[in-house]
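Values quoted throughout were computed directly from the atomic coordinates according to the rules given, and no laboratory measurement underlies them. Since this is a predicted model, take the numbers as computed values, not measurements. Note: ideal-geometry Cβ built from the backbone for every residue, glycine included; neighbour counts use all protein chains shown.
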Amino acid sequence: GHLSAGDLLRAERSRGGERADLINSIIVAGKIVPSEITCGLLWTEIQRMSETTKNFLVDGFPRNQENVEAWEAVVGRAASVQFMLFFECPLPVLEERILGRASYSGRKDDNVESLRLRFNTYKNETMPIVNLFRNKKQCIEVDSSLAREAVYALVKESLSEMTDQTRLEAPLTERSECLLGLRAWPKKESKS
């Protein structure tokens with residue numbers, strides 16, 4: 001199953017309330033949401049999905065040492081981390097892609113200022129985690145500046161040993177094609 005830490009945080013933010021305001025202010029500032037919030041959301045979702053799947057791809061996590069420690073405290077030995085997928089992409093390519101996504105995403109953090117803040121946070125807090133996984137020989141590196149189809153093929157190949165063969169051969173869903181940028185997102189109907 002695929003879990004996006006960002007999607008879970010945005011869903012929590014959309015529910016409103018004090019915690020939603022905290023999440024929103026942190027995301028807009030390009031900072032990392034407190035680990036106890038993110039780990040709690042991820043672990044709740046993993047437990048919910050575990051009846052139908054045993055392997056999970058957690059997108060956007062861990063981002064710093066605090067995340068790693070919180071994961072170990074919350075999850076412990078209940079789930080083992082096999083590897084990290086590390087998508088390397090130069091800042092100019094990221095800027096171009098994020099600004100392109102901004103035209104349809106509606107995300108408050110899809111702007112150059114937030115992107116640069118996020119990139120600096122990434123360099124300072126996430127790269128040490130990438131190096132931690134590299135040192136443990138648990139880091140699969142993907143050049144994500146390549147064309148989307150090429151990146152998808154590399155990821156698919158990297159995950160093939162842990163993916164059910166029927167899922168591996170199944171065509172992409174419409175949502176997956178949209179996420180990969182292979183198809184435009186459907187226009188939202190206006191409420192009259």
Amide H within-cut-off set for PHE86, under 5 Å, with H built and near neighbours excluded: ILE140, GLU141, VAL142
Gain in span if fully extended, LEU99 to CYS139, counting 0.36 nm per residue against the direct Cα distance: 11.6 nm
Within-11-Å neighbourhood charge of PHE87 [Cβ basis; K, R +1; D, E -1]: -4
Cβ charges +1 (Lys, Arg) and -1 (Asp, Glu), total dipole of the chain, debye: 320 debye
Cα gyration tensor category, rounded, prolate or oblate, for segment 1-93 with a/c compared to 1.5: oblate
Cross-link pairs LYS31/LYS123; LYS54/LYS136; LYS108/LYS156; LYS54/LYS156 - those with Cα-Cα distance over 21 Å: LYS54/LYS136; LYS108/LYS156
Highest average packing first - 52-65, 86-99, 29-42, Cβ atoms within 10 Å: 29-42, 52-65, 86-99
Label zone at ASN124 (point 7 Å along Cα-to-Cβ), backbone N below 16 Å, segment 17-44: 26-34
Net lengthening on full extension, PHE87/ARG148 (0.36 nm per residue, minus Cα-Cα): 20.8 nm
Stokes-Einstein D (µm²/s) once Rh is taken as the Kirkwood radius of the chain over alpha-carbon pairs, at 37 °C in 0.692 mPa s: 181 µm²/s
Net charge of neighbours whose Cβ lies under 13 Å from the Cβ of LEU154, counting Lys and Arg as +1 and Asp and Glu as -1: -3
Inter-label distance for GLU113 and GLU169, nm, one decimal - labels placed 7 Å from Cα along Cα-to-Cβ: 5.2 nm
Relative contact order (%) - criterion: Cα under 8 Å, at least six apart; region: the chain: 23 percent
Mean residue ellipticity (222 nm) of the chain, computed from DSSP H runs ≥ 4 via -39,500 (n - 2.57), nearest 500: -16000 deg cm²/dmol
Around ALA170: net Lys/Arg minus Asp/Glu count, Cβ-Cβ under 14 Å: -1
